[in-house]
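As structure tokens, the structure follows; a few thoughts come after it.
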Amino acid sequence: MTAKPSILQELPTDLHRDRLPKHVAVIMDGNGRWAKRQGLPRIMGHRRGVDTLKDLLRCCRDWGVQALTAYAFSTENWGRPLEEVDFLMTLFERVLRQELREMKEENVRIRFVGNLDALPTSLQAEIERSMLETKDNQGITFSVATNYGGRQEIVRACRAIASQVQQGLLHPDNIDESLFERHLHTAGVCDPDLLIRTSGEMRLSNFLLWQAAYAELYVTDTLWPDFDRHEFHQALASYQARERRFGKVGNV
Ligand code: IPE
Ligand code: IPE
Ligand code: MG
């Protein structure tokens, strides 16, 4: 992919800037089915899915969303055929290498969340470089969940906290939600306000189990490679039409 000159697109007039979600999370699902429908191998769906993600990132940036988190590879996705897993790892590395310059120019702060140690070492190196070179950027925070599992993340946090208790550095009474959050991969990024899943599946598939406690859910039947600005606009309009009550009494 080559870097296209990016022209800033205005927020659609029916959306309210002050009521935009600060953080949008997306489960990018349906690449395989998209490819199958076109009579193509599954990997072609993943390739097309990259373009969709690039466009969504740009759209979030243009419209003023402060954080985007995309689910790229789950801890369960290792169970897929080896060729597909290998293709994905190579794709992540190649895309990261190709896109880093543009993301730097566009002031994107990129982060990877998940168990990164288990990824191929060459991919780990690209990940580290991209995080380091964009860490001071002040624009959108773009998190890519790679080898990410919500359960594993929670267990890992528990282990780190237990070890502090064992060493006498922390008293159990001082374990609260904010301390716990600081031990998650996502520490420092606010919880998602809006969680979008494509391809019609009504499940979280181990994504942001802690963080999505009060996220507004939006599921569309559209397959990820076909998800576009128009769909995103619809998701935002749906979000803005809702009343978030957080367990309290609403405006009825
Ligand atoms: C999502 O699309 C991408 C990844 C999980 C990496 P899928 O590959 O799950 O596509 P479907 O769900 O099989 O159509
Ligand atoms: C979730 O999609 C993981 C990603 C999008 C990376 P899956 O396709 O793996 O989820 P299931 O198997 O349908 O629950
Ligand atoms: Mg899927």
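The values are calculated or read from the model by the stated rules, or taken from the named source; none is laboratory data. The model shown is predicted, which means the values in this text are computed figures rather than measured ones. Heads up, the Cβs are rebuilt from the backbone with ideal geometry, glycines too, and the neighbour counts pull from every protein chain shown. Side chains are part of the model used for accessible areas, which takes the heavy atoms of the whole protein and leaves out ligands, DNA and RNA. Shrake-Rupley method; radii C 1.70, N 1.55, O 1.52, S 1.80 Å.
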Among helices (runs of 4 or more DSSP H) entirely inside the range 72-181, those with 2 or more residues being closer than 26 Å to ALA212 by Cβ and touching a strand residue (DSSP E or B) at 6+ places or on another chain (Cβ under 8 Å) are 82-105, 121-134
Could you please let me know if VAL189 is more than 16 Å from ligand 2 (Cβ to nearest atom) and outside any loop (DSSP other than H, G, I, E, B)?
no
I need every pair where a residue in the range 168-182 that is modelled with pLDDT under 95 has its Cβ under 6 Å from the Cβ of a residue that is not in a helix (DSSP H, G or I), sequence separation at least 6 or different chains.
none
So THR69 clears everything in (1) out of contact with any Leu (no Cβ under 6 Å at 6 or more places or on another chain); (2) within 16 Å of ligand 3 (Cβ to nearest atom); (3) in contact (Cβ under 8 Å) with a residue 60 or more places away in the chain except one condition, right? Which one?
(2)
Which condition number in (1) assigned to a helix (DSSP H, G or I); (2) among the aliphatic types (A, V, I, L, M); (3) out of contact with any helix residue (DSSP H, G or I) (no Cβ under 7 Å at 6 or more places or on another chain); (4) farther than 29 Å from ALA187 by Cα is the one that MET44 fails?
(3)
Every residue from the range 120-138 that is over 20 Å from LEU88 (Cα atoms) and open to solvent by 40 Å² or more (accessible area, probe 1.4 Å):
LEU132, GLU133, LYS135, ASP136, GLN138
Filter the range 123-143 down to the residues that are touching a residue at least 12 places away in the same chain (Cβ under 8 Å) and in contact with a helix residue (DSSP H, G or I) (Cβ under 8 Å, 6 or more places away or on another chain) and list them by number.
LEU123, GLU126, ILE127, ARG129, SER130, GLU133, THR134, ASN137, GLY139, ILE140, PHE142
Within the range 183-216, can you find the residues that are free of Cβ contacts under 8 Å to residues at least 60 places away in the same chain, more than 16 Å from ligand 1 (Cβ to nearest atom) and surrounded by fewer than 17 Cβ atoms within 10 Å (Cβ to Cβ)?
ALA187, GLY188, LEU209, ALA213, TYR214
Before we move on, is ARG111 open to solvent by 10 Å² or more (accessible area, probe 1.4 Å) and within 30 Å of PHE87 (Cα to Cα)?
yes
